[in-house]
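Structure, as structure tokens:
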Amino acid sequence: MVAVDRGRYTTLVEPGRQAARGREPRLVVAMKARELGRKGIVVGDRVALVGDVSGRPDTLARVVRVEPRTSMLRRSADDTDDTDGIERPVVANADQLVIVTALADPPPRPRMIDRILVAAFDAEIDPLLCLTKSDLAPPGELVALYEPLGVPHVVVHKGGSLDELRDHLRGRLSVLVGHSGVGKSTLVNALVPAANRAVAQVNAVTGRGRHTSTSAVALELPDGGWIIDTPGVRSFGLAHVSVETVLAGFPDLVEGTVHCPKGCTHLGDGCALDAWVAAGHADPARLESLRRLLSSREGGLDDTGA
């Protein structure tokens, strides 16, 4: 699935093994078949089509099956006004989540990064921190904050080389997520010149960017691989993520929770992890990172958050 827009699904159909030699992949617009019921379809899904799959103008195929997913990046609705706690699918089948954040204009928001990292752990997707606008501020402080988590990073600025980022993206299905105004659309246009994603300036008074991308879209990279550009986010709900899911991202701390009281939140107040770390079994910075991520699950985060 390349794009979803108001009930129409743009799909990329590749020639089958028995297809005539030299036949090119084609874009086919489809609608969801009635038999799928309320089953959701999102960008990144692999689907089965029937009907007119020629891709000619004004033709419409039908999606009759969604293939099993290898991953699903989700966020909860607790970051919106309708706090119904319902999970919102973002993309399917991605194997890398690129967290795009500016080093300045707007300033980085570590709590937002933490929440997106938790979503990556939940989806079992490899995270990559992409720091933009390095010509405006140094990356050292933010990089040091995430070193204990072992999250890889790349540093870029407008007009600079993207070779290191391309190396991370090559051959993978990567989803780009970031706060509005961090330069995500500028990155996409540089990586895929034909993308033509809209770019807007950050408001000089509020430090906020406008939502220039209004829907998720998958774009093929010239050197191999795909990126999925998503609309800018101002919060990332995590009501669907359990404490155990976050803890699983810290295997060096799991054994230390054996003696925790039942229902322990691992945020302090009798948590056995304090004694475990004090005894030298794990790095204190790792426990601090775990608690920072666990704290990030509590409640929503608006666009003024740190």
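We did not get these values from a lab; they are worked out from the coordinates using the rules stated. None of these values were measured; they are calculated from a predicted model. Don't worry about glycine lacking a Cβ; one is built from the backbone with ideal geometry, like all the others, and counts go over all protein chains shown.
Worth a mention:
- Residues whose amide H falls under 5 Å from that of residue 100, counting only those 5 or more places apart or on a different chain, are 130, 177, 178, with hydrogens built in the peptide plane.
- Net charge of neighbours whose Cβ lies under 10 Å from the Cβ of residue 242, counting Lys and Arg as +1 and Asp and Glu as -1: -1
- Amide H within-cut-off set for residue 47, under 5 Å, with H built and near neighbours excluded: 67
- Relative contact order of region 3-66, taken over Cα pairs closer than 8 Å and 6 or more residues apart, is 32 percent.
- Exposure proxy ranking, count of Cβ atoms within 10 Å, fewest first, for 125, 116: 125, 116
- Database remark: amide H of residue 153 closer than 5 angstrom to the amide H of 129 (H placed geometrically; neighbours at sequence offset of 5 or more, or on other chains; Pro and chain starts carry no H).
- Rg of the Cα atoms in region 243-296, relative to 2.2 N^0.38 Å, amounts to 0.98.
- Couplings 3J(HN,Hα) of region 278-291, computed from phi: 4, 7, x, 7, 7, 6, x, 5, 5, 5, 4, 5, 4, 5 Hz, in residue order, whole Hz [Karplus 6.51 cos²θ - 1.76 cosθ + 1.60, θ = phi - 60°; x for Gly and Pro].
- Rounded to whole Hz, the Karplus (6.51, -1.76, 1.60) HN-Hα couplings of region 240-256, x for glycine and proline: 7, 9, 8, 4, 4, 5, 5, 4, 4, x, 10, x, 6, 10, 4, 4, x
- The base-10 log of I(q)/I(0) for region 3-66, evaluated at q = 0.26, 0.27 Å⁻¹, reads -1.19, -1.26 [Debye formula, identical scatterers on Cα atoms, solvent excluded].
- Sequence of 130, 271 once ranked by neighbouring C-beta atoms within 10 Å, starting from the fewest: 271, 130
- Separation in nanometres of the label points that stand 7 Å from Cα toward Cβ, at residue 288 and residue 12: 4.3
- Ranked 283, 95, 229, criterion: other C-beta atoms within 10 Å, fewest first: 283, 95, 229
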